[in-house]
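The values are calculated or read from the model by the stated rules, or taken from the named source; none is laboratory data. Just so it is clear, the model here is predicted, and its values are computed rather than measured. For neighbour counting, all protein chains shown are included, and Cβ atoms are generated from backbone atoms with ideal geometry for every residue, glycine included.
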Amino acid sequence: MLECEGLSVTYADGRRALRGITLRIPSGSFLGLCGANGSGKSTLALALSGVIPQAIDAQVGGAVLLDGKPLPPLNELARSVGVLFQDAEAQIVSVTAEEEAAFVTDNLGMPKRNAVRAMRMMGVLPLRDRLTNELSGGEIQRLLLSSILAAEPPILILDEPSAFLDSRGVRDLYGALARLKKRGKTVVCAEQNTKLLEELADDVVFLKNGRIATEGKRILSNHSMLHSLGVISPNEL
């Protein structure tokens, strides 16, 4: 189980992004983190993944725990937690799709067949010989998910995965995330697309000014509450 207790984050420039967040995320669940820009949802996702403070400098208070223990170094954590950043194209490091899919497993010394299997699951195996700079936004998202899944982490943390996708890319993302949910992965998804969360999430936490404002998937049908949080309701998308 992934959890945080009294989690606070203050960036190096003095901006306080999270204030006393406590969450418990059951294994196999799909949790949505929702809120307006600047609400703290992306910071929370990055703190839960260990990227903050291990790769992004910040002062962190409270604790993030995985199965009751503090998060290990990122190179060890990759076997347990996979992370997809908001700017997916910036996460690409390889020339071909097949090389990209195998990047994580190659670095962890895991079999190449893991990457092939993950590409098949995400529907990108036919793209294996394509250059990564020729892929669409949706194809890049699914390719990066296959790279992450090849390491077989039980937990996936996604930071606004639909942010730069067109309508077709969003549909592809829906399908990919639905497959992950069906396979019992724990998914934490920071996302403003409430329609996606309505479709896939088991629970949704809403943030405002770095705090949990309210919680519950039922809020997605409460238009006035969503508007007070700066969030667009699913039927307005």
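When the stretch 191-216 is limited to residues that are charged (D, E, K, R) and free of Cβ contacts under 8 Å to residues at least 40 places away in the same chain, the one that is nearest to R15 (Cα to Cα) turns out to be E215.
Could you please find all residues in the stretch 78-109 being under 21 Å from the mean Cα position of the chain (by Cα), crowded, with 19+ Cβ neighbours inside 10 Å and not aliphatic (A, V, I, L, M)? G82, F85, E100, F103, T105 - these are the residues of the stretch 78-109 that are under 21 Å from the mean Cα position of the chain (by Cα), crowded, with 19+ Cβ neighbours inside 10 Å and not aliphatic (A, V, I, L, M).
Matching residues to (1) under 25 Å from L46 (Cα atoms); (2) at pLDDT below 90:
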| position | (1), (2) |
| --- | --- |
| V93 | yes, no |
| T105 | yes, yes |
| L131 | no, no |
| Q141 | yes, yes |
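Screening L71 on (1) free of Cβ contacts under 8 Å to residues at least 40 places away in the same chain; (2) closer than 30 Å to G123 by Cβ; (3) not acidic (D, E) shows it passes everything except condition (2). Residues that are hydroxyl-bearing (S, T, Y) and within 25 Å of K182 (Cα to Cα) were ranked within the stretch 1-58; the one that is surrounded by the fewest Cβ atoms within 10 Å (Cβ to Cβ) is S27. When V188, V124, V170 are screened for being surrounded by 15 or more Cβ atoms within 10 Å (Cβ to Cβ) and at pLDDT 95 or above, only V188 passes.
With respect to the conditions (1) touching a residue at least 24 places away in the same chain (Cβ under 8 Å); (2) buried (at least 17 other Cβ atoms within 10 Å of the Cβ), D129 falls short on a single one, namely (2). Restricting to the stretch 1-46, name every residue that is of a type in the set (V, I, T) and either more than 15 Å from the chain's Cα centre (by Cα) or closer than 23 Å to G230 by Cα (or both). Selection gives V9, T10, I21, T22, T43.
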